[in-house]
1. Based on other C-beta atoms within 10 Å, arrange Met44, Met153 from fewest to most.
2. Note down the nm distance, to one decimal, between modelled labels 7 Å out along Cα→Cβ at Leu60 and at Gln93.
3. Tyr125: net charge of surrounding residues, Cβ under 14 Å, Lys/Arg +1, Asp/Glu -1, itself excluded?
4. For the peptides 140-147, 89-96, what is the packing order when you average, over each peptide's residues, the other Cβ atoms within 10 Å and list the highest mean first?
5. By how many nm would the segment from Asp37 to Asn134 grow when fully extended, if each residue of separation counts as 0.36 nm and the alpha-carbon distance is taken off?
6. Taking H as built 1.01 Å from N, whose amide H comes closer than 5 Å to the amide H of Ser95, not counting residues under 5 places away?
7. Would you mind ranking Tyr125, Tyr206 so that the residue whose beta carbon has the fewest other beta carbons within 10 Å leads the list?
8. Just to be sure I understand the model, the point goes 7 Å from the Cα along the line to the Cβ. What's the resulting Glu49 to Leu186 distance in nm?
Amino acid sequence: MKLCAFMFVMLVLSLWYRPSHCGDVTSNRARRSDDTDPLEAVVMQQSAELNQLKAELAALQTKVDSPRRGFAGTLHRRVAFLVQAATDRTMPQSSPYKFDQIILNDGNGYDATLGVFTAPYAGVYILALQVFVNVGERPMLDITVNGNVVSRMALDTRSLPVNDESDSTTVVVKLKAQDRVWVQSLTGAYTYWGVFHTFFTGCLLYTTPE
């Protein structure tokens, strides 16, 4: 009888203990779950910051690469010319001077038969002109773009105590693709010394949008 009573007491205690213990486990699990929330928040914040840094780095890389691509494009678009008068010759008035000796013509922009340089690409170009003339002449020469004067050079050699005189002019211009550039006289026909004494030259500095 005592044994049965003891077993009954143990059964009651066992039944009482189990729900309480399970409740503690559930509570502990809840606490552990709650404890991980701040850690997850930190991870999410760091992940967001990392994504922001990646975006900023990509934007910076784009800014760095853009000038490089433009520079590379300019390298592939090589345009430069140097032309001379092959011999002493008289140039006409109000029409393009035909420099018939081509020293350099990268990009094939200069046409010696017309005396005209045609810009292959839109961009900023530098142009220069030099002439040698005999004393007693007073030429005025223009560098023109599509017939519009962009630079003028004037020499007055009528009272110089020498046999010849030279002058030069240089200009930087922005051209569109297919713009036409040439040299012409404003005042009359004059005779110029040939080869390296009298030349017309230019080159592309950098390309620009149309």
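No value in this document is a laboratory result; all are computed from the given coordinates. Model, not experiment: these values are computed from the prediction. Every residue, glycine among them, receives a Cβ derived from its backbone with ideal geometry; neighbour counts consider all protein chains shown.
1. Arranged by neighbour count, lowest to highest, Met44, Met153 become Met44, Met153.
2. 6.5 nm
3. Taking every Cβ under 14 Å from that of Tyr125, the sum is +3.
4. Result, highest mean Cβ count within 10 Å first: 140-147, 89-96.
5. 25.5 nm
6. Residues meeting the criterion, in which the H sits 1.01 Å from N, are Ser185.
7. Tyr206, Tyr125
8. Rounded to a tenth, the inter-label distance reads 6.8 nm.
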